[in-house]
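Below is one structure; the comments refer to it alone.
Laboratory data are not the source of any read-out in this text; all were calculated from the coordinates shown. Keep in mind that this is a model prediction, so the values were computed, not measured. Counting neighbours? That spans all protein chains shown, and the Cβs are built from the backbone with ideal geometry, glycine included.
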Ligand code: HPA
Ligand code: ZN
């Protein structure tokens, strides 16, 4: 009870959140009707019942299907605003949001439609809720590098709104090396590089993300712990890991929350952060993730404070803003 009050009261930053993964079944249903998109579910309960995954790909199949109801700028606005209002209740004051433009442009939705809706909501969220933001554009790693280059081209008019690039979707079989050139170009354009690595993929993929993509943050990073030298390197370089406990559980990356790598990361001096990943699909927002991990690992007050502080230390914000949060 004490823990819950502490977690709720803490100002938090969320650094690993796919905005498309915050699409709650209720809004999915509403948008399906509004846009007259056919979905293979006849009730909100049926949608929730389908959210039972045994690996990352199981989830991704449903995640891409869920996106199909997002067609117009207002849909992206409603999606983003619903997320901001929800995390405002959790005490989140800064968000770094991933979006998957290729999940939409592949369906014929224009890049501009997507980003206009998302950024309009982010601006309103800052004004109305006081939540600051960064936007990180992800490349879908199951597609080829050429498609990623096209996406980077489409982002050019929006570089004042996009702070970073990420890499997501099906990890195994799609190593970071596949995207070496497009990440080099993105970095040259001033974009901050991060990548999902070591969620299902081996430690070697984390090495590649660091060496070839030159990422300055690692999304998930669970399997980096299998390699002691790699773990030491991540600690030495002060890199942030964006861990997602309930996601790990739902996608069977771990069997029990107790098996979360967070304790080992903290003990090894790594800057671990707690995030929700795709909260509508994985059964919890930031505070639920904090609560689950704090209970399972029996975290004390200092450890909970450290995890929350790590979110601001790893955030893409100026030193003076960070100082205000710490
Ligand atoms: N991993 C990879 N791709 C994703 C995820 C994830 O956790 N969420 C949305 N796309
Ligand atoms: Zn993710």
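What percent do you get for the relative contact order of the chain when only Cα pairs under 8 Å and 6+ apart count? Before the final figure, lay out each step's value.
On the way: 555 pairs, mean separation 66.9, N = 326.
In percent, rounded to a whole number, it is 21.
Compare the peptides 110-123, 243-256 by average per-residue count of other Cβ atoms within 10 angstrom and give them in order, highest first. Can you show the working numbers first?
Values: 110-123: 19.1, 243-256: 21.1.
Going from most to least packed, we get 243-256, 110-123.
Any chance you could check the Cα centroid distance between region 160-233 and region 271-299 for me, in angstrom?
Centre-to-centre (Cα) distance: 22 Å.
Of the residues 227, 277, 61, which exhibits the maximal mean-square fluctuation in a Gaussian network model of the chain defined by a 10 Å Cα contact cut-off?
61
Starting from the 7 Å offset along Cα-to-Cβ, what nm value, one decimal, do you get for the label separation of residue 42 and residue 323?
With each label point 7 Å from Cα toward Cβ, the separation is 6.2 nm.
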